[in-house]
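Here, each number is a calculation from the coordinates, and none is a lab measurement. Values in this document were obtained by computation on a predicted structure and should not be read as measured data. Here the Cβ is made from the backbone with ideal geometry for all residues, glycine too, and neighbour counts use every protein chain on show.
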Amino acid sequence: MNSRTLFVRSTGNRIHGSCRIYGTSVVGKNCTIMENVILGYPSNKVLNDVQSSGQTLERYPFVGACIGDNAVIRSNSTFYCDVDAGHGLRTGHNVMVRENTKLGDNVLLGTNTVVDGHTSIGSNVSIQSNVYIPTNTVIEDNVFLGPCSVLANDKYPIRVEYGLKGPRLRKGASVGANATILPDVEIGEGAMVAAGALVTKNVPAWKLAIGTPAKVVELPEKLRNLNRI
């Protein structure tokens, strides 16, 4: 393990020797961290600050990643600096979480998922494989994101100046596989987005968005339940 500063809260951790640590990072109790995981990877801001200071990256002081108790982080996953993950984090392989992201307890990040920073993810959230979450996104508690779902934050890519605004997924929302949710769209509490839907407008609480572009319809009675995460 190549480490400059790593605080491990107790014994009982299993940290592979190929793990790379940047900044001052913290790992909680009873964690398993597998091959080639990177914790505290420096953001562009940190790299620019290091360059301006004339110091080496190894000596420059900055906050790394904080991982709570009972985490399982699988191979080739990267957590940038200023990432704060709660207890019970589980990842697949090749996960990337960018800087200034907060994750609650019992979060699952599937293989190849990207969380592009400055994002808040609540507790008891299940994010399946190949999901993309952009900057400035809010995901509340008990949310489910199906495989290959995509959230967007740029309404007019490159062509028009636009403040990046990710979607807001309220408590207990569910998003089906291959769905796309456009910038600044709110998926209400308990609402569902069908597989393959293209969501361009807000979805009220406990409604169903289906189709391309999505239309909002009544949620079937049998689906008016809390997510079992």
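Please say if segment 107-229 is rounded, prolate or oblate, where rounded means a/c under 1.5 for a ≥ b ≥ c the square roots of the C-alpha gyration tensor eigenvalues, and otherwise the choice is prolate for a/b larger than b/c and oblate otherwise?
Values: a/c = 1.69, a/b = 1.22, b/c = 1.38.
It is oblate, given that a/c is not under 1.5 and a/b is not larger than b/c.
Placing +1 at every Lys and Arg Cβ and -1 at every Asp and Glu Cβ, with all other atoms neutral, what dipole size does segment 147-229 have around its Cα centre, in debye to the nearest 20?
Details: 12 positive and 7 negative charges, 30 e Å.
The calculation lands at about 140 debye.
Identify the GluC sites (Glu not before Pro) of segment 26-121 meeting these criteria: DSSP loop state and at most 12 other C-beta atoms within 10 Å of the C-beta. Each step should come with its number before you reach the end.
Working: sites: Glu35, Glu58, Glu99; in loops: Glu35, Glu58, Glu99.
Answer by residue number: Glu58.
Could you tell me the largest-minus-smallest coordinate of the C-alpha atoms of the chain on each of the three principal axes, in descending order and whole angstroms?
In descending order, the Cα extents are 56, 44, 21 Å.
Run the numbers on the chain and let me know its relative contact order in percent, using alpha-carbon pairs under 8 Å that are six or more apart. List each step's numbers first, then the result.
Details: 762 pairs, mean separation 22.4, N = 229.
Worked out over the chain, it gives 10 percent.
Principal axis lengths of segment 174-229 from Cα atoms, whole Å, largest first?
Per principal axis, max minus min of the Cα coordinates gives 26, 19, 19 Å.
Express in % the proportion of alpha carbon pairs of segment 81-179 at distances exceeding 18 Å. Walk me through the numbers before you get to the answer.
On the way: 1968 of 4851 pairs.
Here the long-distance tail beyond 18 Å is 41 percent of all Cα pairs in segment 81-179.
Using the Cα centre as the reference, give the magnitude of the dipole from point charges on the C-beta atoms of the chain (Lys, Arg: +1; Asp, Glu: -1; all else neutral), rounded to the nearest 20 debye. Provide the component values of the computation, followed by the final result.
Details: 23 positive and 18 negative charges, 56 e Å.
Here the chain has a charge dipole of around 260 debye.
Tell me what the chain gives for mean residue ellipticity at 222 nm when only DSSP H runs of n ≥ 4 count, each as -39,500 (n - 2.57), the sum divided by the residue total, rounded to 500 deg cm²/dmol.
Numbers: 1 runs with 10 residues, N = 229.
Mean residue ellipticity at 222 nm (helix-derived): -1500 deg cm²/dmol.
Ratio of segment 103-142's C-alpha Rg to 2.2 N^0.38 Å, to two decimals? If you can, show how the numbers build up before the last one.
Values: Rg = 9.2 Å, N = 40, 2.2 N^0.38 = 8.9 Å.
Normalised Cα radius of gyration, segment 103-142: 1.03.
Once you've got the Cα coordinates, tell me which of Lys102/Lys201; Lys29/Lys171; Lys171/Lys207; Lys171/Lys201 are over 20 Å apart.
Lys102/Lys201; Lys29/Lys171
Can you tell me the orientation of helix 44-53 relative to the chain, as the angle in degrees between its alpha-carbon axis and the longest Cα principal axis, to the nearest 10?
Compared with the principal axis, the helix lies near 30 degrees.
Taking the Cα centre of segment 118-170 as origin, sum charge times position over the Cβ atoms of Lys and Arg (+1) and Asp and Glu (-1), and report the length of that vector in debye to the nearest 20. Mind dumping the intermediate values first?
Working: 5 positive and 4 negative charges, 31 e Å.
Dipole about the Cα centre, nearest 20: 140 debye.
Enter the Cα centre distance for the pair segment 165-184 and segment 48-83, rounded to the nearest angstrom.
Rounded to whole Å, the Cα centres lie 28 Å apart.
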